[in-house]
Structures are given as C-alpha cells and as structure tokens.
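Bear in mind that the values in this text are calculations on the coordinates, not laboratory data. None of these values were measured; they are calculated from a predicted model. Positions of Cβ are generated from backbone atoms using ideal geometry, with glycine treated the same way; all protein chains shown enter the neighbour counts.
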C-alpha cells in the first residue's frame, strides 16, 4: 500500500499553498495512506460514526466560525474526539486563525496543524490532485513517447530497433518529445494512461552512434512537454 507522511505533503506543497506549521510538529511523520481530502463536517460536532479518519481534514471559514460559536468545553470535547481518531493532520485554509484550544490540543496529541493561505475549495481540489498522482498505479516501460499533432503516441520495440531515431525525426518536423528510452506510465482514471519522463528528465535522448543529446538546447523549449495521455501505441 502506497504511503507518504505529513512531512512529505508539507514539504512538497509548502510554496504552492503557502503552508506553515502551527502546531503538532511531533506528528509530522504521521502516515497518509489514502488520496482523499475532506472537511470534517459532522465530526466537528462530535458525530464520528462512519468518519473517514484516514483522510487529511480541512477546516475552512464555516468550520472555524462554528468552532468559535460553541461552548469552549464542548469544543474541547469534540476536538479531542476528532484528533484521537488517528487523522494524519488538519489544514486550516484562507490563512484563518484557529481557536486556541485547537492549537493546544494538536500540540498535546501530536496531530500536525497546518495553515494554508489558499481558498478552501481550491485547496481540496489541488491537494487531491497531488495525492491522486502519488497514489496512482505506475510502471516504467522501454520506449519513446511523442506528442504528434496533439496525439500522444508511445513508440515500442526491441532495443536498437530505432525508436529514438524515429522520435528524433519527429522532433525535427516540429513535434514534441515527452520521454525517451524509459517512459513512466501512470493510470489516472480507469481508461486514462498518462506518460511522463523518468527521473532523468524528458529533454534528453540517446542516439546510437552519437550519444546523449539535449533536445531542449538543440530545438528549444517547444520541442518538449512534461506529460501526455497515451492515445496510440506503435
């Protein structure tokens, strides 16, 4: 089962969401095991039946205003019950100020409390996209991936058959390279496969008898693209 930690999530998205850690630092190694993000809804009122505790929990304007509107003793009881379910972390959006009782309880129970300077709905959407991309099934295959007239084409074949040479010829004609030699394929939807480069990057290509060439330097930034849906395999 795929797992990342709250620390990974925080460090990868710190600049994107303008995240800062407000409390619960000792829980940064809490695992995130599902690619979903949600608002706690009725759990904030103490109703925890069927609560999806494995998900990142997001507190927006409504949740913060509700927390400020109820009696402090009830709020403390509800927040304690929520945090003790084992949630990985809490994220307060729109740079809102959470109640002090929430901050102190997160520190005491070791649940990271993050604050994002980002709208709530957009945060949930972007954070979900980030997690889905990490948790999606992924394989690496030998081949070359091209964007030809907007169509994603994966070139397959035995080593030395001329896949890279074919891809280079297409680049010379104005088409775009996604990856050469090793193509990383991720299943994003039941019928959608997304191709991206391996860790070496998509701007390099190895040509037999020539060596490694940098497509971006030779043909410009328009000759490469970071990802493309696979629509045809040749």
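Brief remarks on what is shown
- Ranked list, fewest to most other Cβ atoms within 10 Å of each Cβ, for 232, 21, 113: 232, 21, 113
- Relative contact order for the chain, counting Cα pairs under 8 Å that sit 6 or more residues apart, in percent: 17 percent
- For the stretch 127-216, radius of gyration divided by Kirkwood radius, i.e. Rg to Rh on alpha-carbons: 1.00
- Gap separating the Cα centres of the stretch 57-89 and the stretch 120-146, nearest whole Å: 30 Å
- Efficiency of FRET between residue 108 and residue 229 - r from beta-carbon atoms, R0 41 angstrom, step 0.05: 0.30
- Residue order, fewest to most beta carbons within 10 Å, for 17, 47: 47, 17
- Rounded to 5, the percent of DSSP beta bridges in the chain classed as antiparallel: 75 percent
- Ordered by the number of other Cβ atoms lying within 10 Å of each residue's own Cβ, fewest first, 41, 164 fall into the sequence 41, 164.
- Semi-axes of the equivalent ellipsoid for the stretch 4-135, Cα gyration tensor, largest first, Å: 21, 15, 14
- Taking N as its residue count, the alpha carbon Rg of the stretch 75-159 over 2.2 N^0.38 Å: 1.79
- Value of Rg/Rh across the chain [Cα atoms, Kirkwood radius]: 1.14
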